[in-house]
Amino acid sequence: MVEAEAAGLIAIGAGLAVGLTGIGAAIGEQSIGSAAIGVMAEDPGFFGKGLLMTVIPESIVIFGLVVSLILLFVF
Amino acid sequence: MLKPEKMTKVVVVGTKDVLEQTIETLHRMNLFHIADYDESESGFKIGKPHTIASKLSERLVTLRSIANQLGLSEKSSIKGRVSAKELPSVIESKLSHLEEEVSSRQDAIRVAETELKTQQDLEDAIKPLATLPLSLEDYTGYESIRVFVGFIDNAIEDAIRAETSQYELYTGSFDGRGTIALAVPVEKEAEITKVLQDESTFVELKPPKLEGSPQSLLDGIKNKKEELSTRLTGLESERERIKTEYAEFILSSEEYLTIETQKAEAPLKFATSENSFVAEGWIPIDRYDDLGRRLSESTGGKIYVSKLEVDEEEEKHVPIALSNPKAAKPFELLVNTFSTPKYKEIDPSLILFITFPLFYGLMLGDIGYGVLLIFLSWIIMSKVKSGGLHELCIILLYSAFSTIFFGIIYGEVFGLPLFNIVHHGVVEEYGILAINGPHIGMLHLPVHRFAAVQPLLAMTFVVGILHVTLGLLIGFRNVGVEHGVKHAVLEKLCWLLILFGGIMAIVPAMPAIMGSATMNTQDPIFAGGIVLVIVGLILLVKGEGPIAIMEIPTLLSNVFSYARILAIGLSSAGIALAVNTICKDVLFTQGGVFFAVGILVLIIGHTINLLLGIIGPGLHSLRLQYVEFFTKFYEGGGTEYDPFGFIRKYTEE
């Protein structure tokens with residue numbers, strides 16, 4: 001019983017880790033992305049820099065993902 | 001390979017009487033990247049375009065507008081090639097005639113279209129009136145009577161009767177709404193207007209000022225519309241005929257005129273004095289002798305060609321011609337999309353050639369999808385013979401082979417197991433081949449992705465560390481070449497020290513962090529790692545200031561970022577597994593209609609997963625290159641090599 005509860009809590013924790021970080025990154029990328037597309041409309045040469053800037057918040061999701069993978073498969 | 005082609009700056013000096021031959025030769029060689037002349041530098045003036053330039057470009061504009069009106073694009077193809085020698089006289093005789101023919105057709109089409117639109121509007125206005133028993137002339141032309149016409153949804157007669165007994169009301173219905181025509185004395189206009197306004201569904205109509213019954217008018221309009229459509233179809237097919245008849249002429253003359261305009265305007269980039277000209281530009285160094293020989297041949301030796309010394313400032317302006325083996329060429333597209341490399345930088349196309357398909361295959365890893373991708377890219381490649389899409393398909397093809405390779409390692413065919421799944425020596429599920437996976441060295445196939453998350457996660461980190469290290473090493477080389485070894489140590493080596501020091505410190509500490517053992521701080525590897533990190537930090541702060549410490553988590557997130565290789569692979573394998581399970585365990589067991597539904601689910605599910613499988617791994621593999629790898633060494637910002645010349649498609653000399 002306790003074990004099952006623990007497994008459930010771990011699963012919920014893993015889900016939260018990915019889900020919440022995903023929402024956070026999405027909010028961050030939303031404004032950066034629209035600005036980057038605006039710049040690219042002016043000068044397509046900014047594609048590389050624009051992409052770089054846009055995906056910066058994504059590292060948070062990766063942290064979330066790693067945390068959840070560790071939760072699920074290591075604990 | 002790994003470096004842009006070696007370029008040299010060349011100056012070409014001659015007298016004006018050989019200017020034309022020089023331009024002709026340079027253009028034909030398609031080799032000379034002209035460096036624009038800046039008038040402020042010395043006493044020379046920018047050259048004047050050839051006198052025929054304006055005439056040529058005028059014709060070019062006419063021709064392009066014709067091509068535009070006919071809907072001819074550059075992608076259209078023609079049979080064979082047209083001789084450029086005959087074109088000037090053909091253009092002379094045909095162009096104005098063609099222009100007139102096309103523009104008169106175009107005008108006629110426009111008139112017919114406008115007329116059609118007018119008739120359509122008229123029809124729309126009359127149609128509701130056809131439901132009322134009045135002729136159109138009945139609506140207008142009164143002095144003492146006001147006529148209201150419009151749509152209304154509710155009965156209104158009682159409200160009107162309350163205002164006046166002198167009225168005449170006709171009702172009908174059109175398209176689910178009621179229509180009315182109401183005539184009242186002019187002195188009652190204000191009251192009736194108010195009644196109608198209170199009835200909120202009233203929308204007033206303006207009857208057109210015509211005579212006759214609406215129905216007969218509608219019949220007339222219908223006939224007229226039919227006649228107009230026939231005329232329009234006739235005109236359009238005639239335009240189509242002109243298009244096919246003149247396609248060869250238009251495309252070849254456009255090319256010819258573009259080339260001639262280029263040549264005529266070339267002196268604008270040269271420095272000239274009264275009797276001489278000077279042209280500066282860049283060419284690949286191994287073509288220098290060829291250029292000199294060809295130029296002196298065409299001008300009878302009356303030209304001076306020489307290499308120029310390039311100082312550091314000018315090196316920034318060297319045009320970049322990437323030079324890679326043919327197989328790696330398509331990856332130049334990915335590099336150029338990010339930014340063209342600088343002259344002294346490493347050109348990473350060749351590295352992408354290996355790592356991009358590698359990451360892609362690691363992510364998608366499925367034999368079935370790989371085979372489908374090969375077919376897909378092969379079909380597109382046979383349809384689109386050149387351009388960006390063609391190159392992307394070659395990249396996709398490489399990635400597909402890598403997908404098949406890792407599909408064998410993962411043992412997956414459309415999410416189904418390739419080899420038997422064996423658990424404690426007992427076959428749990430038979431694979432497609434119905435054999436147990438072979439042992440290759442240490443590796444025991446298949447490496448089942450859902451069962452081996454931990455080792456695969458560890459593998460992604462190793463891949464990440466290797467990739468980032470490679471990036472930092474190239475960065476070390478780039479900075480070393482450009483600014484010297486000291487800068488390279490302070491900017492790049494410090495990061496390598498922190499990265500490897502960190503790994504050496506964290507790996508032995510892992511059990512303690514997980515809480516399963518106590519930490520041995522005397523461990524020499526751990527201690528060595530700490531020392532490396534500290535040395536790295538000192539170098540980092542010395543090189544870039546204390547603010548650079550903020551950047552350290554980026555290194556961590558860069559390495560963690562490679563976990564996406566596993567994550568995307570799991571999601572793609574998960575979707576495939578879900579589709580298969582739904583079909584096999586739920587739908588197929590029911591039989592009958594469900595069997596057909598199952599097939600449908602199978603096809604749709606795997607198609608969607610394949611599309612996701614192109615987009616997801618493609619973008620993320622690219623992102624790992626651009627964000628994690630390129631940032632370690634790549635600056636870019638070079639100018640692309642754009643030689644003076646033209647690659648003929650429709651004409652020949």
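The values are calculated or read from the model by the stated rules, or taken from the named source; none is laboratory data. Here the structure is a predicted model, which means the values were calculated and not measured. Quick reminder, even Gly has a Cβ in these numbers, built from the backbone with ideal geometry, and neighbours come from all protein chains shown.
Data table
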quantity: Filter pass, B:Ser253 being part of a helix (DSSP H, G or I), in contact with a helix residue (DSSP H, G or I) (Cβ under 6 Å, 6 or more places away or on another chain) and under 30 Å from B:His97 (Cβ atoms); calculated: yes
quantity: Filtered residues of region B:247-303 (kept if more than 18 Å from B:Thr8 (Cα to Cα), in contact with a strand residue (DSSP E or B) (Cβ under 7 Å, 6 or more places away or on another chain) and of a type in the set (Asp, Glu)); calculated: B:Glu248, B:Glu255
quantity: Answer from B:Leu63, B:Leu95, B:Leu70, B:Leu31 - the residue that is buried (at least 16 other Cβ atoms within 10 Å of the Cβ), within 29 Å of the chain's Cα centre (by Cα) and at pLDDT below 85; calculated: B:Leu70
quantity: B:Lys486 being loosely packed, with under 12 Cβ neighbours inside 10 Å and modelled with pLDDT of 90 or more; calculated: yes
quantity: Residue that is nearest to B:Asp36 (Cα to Cα) [pool: residues in region B:266-286 that are surrounded by fewer than 18 Cβ atoms within 10 Å (Cβ to Cβ) and of a type outside the set (A, V, I, L, M)]; calculated: B:Lys269
quantity: B:Ser561 farther than 17 Å from B:Phe406 by Cα, under 27 Å from the mean Cα position of the chain (by Cα) and within 14 Å of chain A (Cβ to nearest Cβ); calculated: yes
quantity: From the options B:Thr230, B:Thr201, residue that is among the polar types (S, T, N, Q) and exposed (fewer than 13 other Cβ atoms within 10 Å of the Cβ); calculated: B:Thr230
quantity: Qualifying residue in region B:132-149 (condition: surrounded by fewer than 14 Cβ atoms within 10 Å (Cβ to Cβ), among the aliphatic types (A, V, I, L, M) and in a helix (DSSP H, G or I)); calculated: no
quantity: Entirely in region B:432-515, the helices (runs of 4 or more DSSP H) that have 3 or more residues that are of a type outside the set (A, V, I, L, M) and within 14 Å of chain A (Cβ to nearest Cβ); calculated: B:453-483
quantity: Where B:Tyr37 falls short, out of the listed (1) at pLDDT below 85; (2) at positive phi; (3) not β-branched (Val, Ile, Thr); calculated: (2)
quantity: Hey, B:Leu556 outside the structural domain of B:Phe406 (by TED's automatic domain parsing) and within 34 Å of the chain's Cα centre (by Cα) or not; calculated: yes
quantity: Test: residue in region B:330-341 that is surrounded by fewer than 21 Cβ atoms within 10 Å (Cβ to Cβ), in contact (Cβ under 8 Å) with a residue 12 or more places away in the chain, closer than 30 Å to B:Val13 by Cβ and not acidic (Asp, Glu); calculated: no
quantity: Subset of region B:418-469 that is in contact (Cβ under 8 Å) with a residue 24 or more places away in the chain and exposed (fewer than 12 other Cβ atoms within 10 Å of the Cβ) - its residue that is nearest to the chain's Cα centre (by Cα); calculated: B:Phe450
quantity: Number of the exception - B:Arg623 against (1) loosely packed, with under 14 Cβ neighbours inside 10 Å; (2) in the same structural domain as B:Phe401 (by TED's automatic domain parsing); calculated: (1)
quantity: Matching helices (runs of 4 or more DSSP H) fully within chain A where at least 1 residues are away from chain B (no Cβ under 14 Å) and within 19 Å of the chain's Cα centre (by Cα); calculated: A:2-42
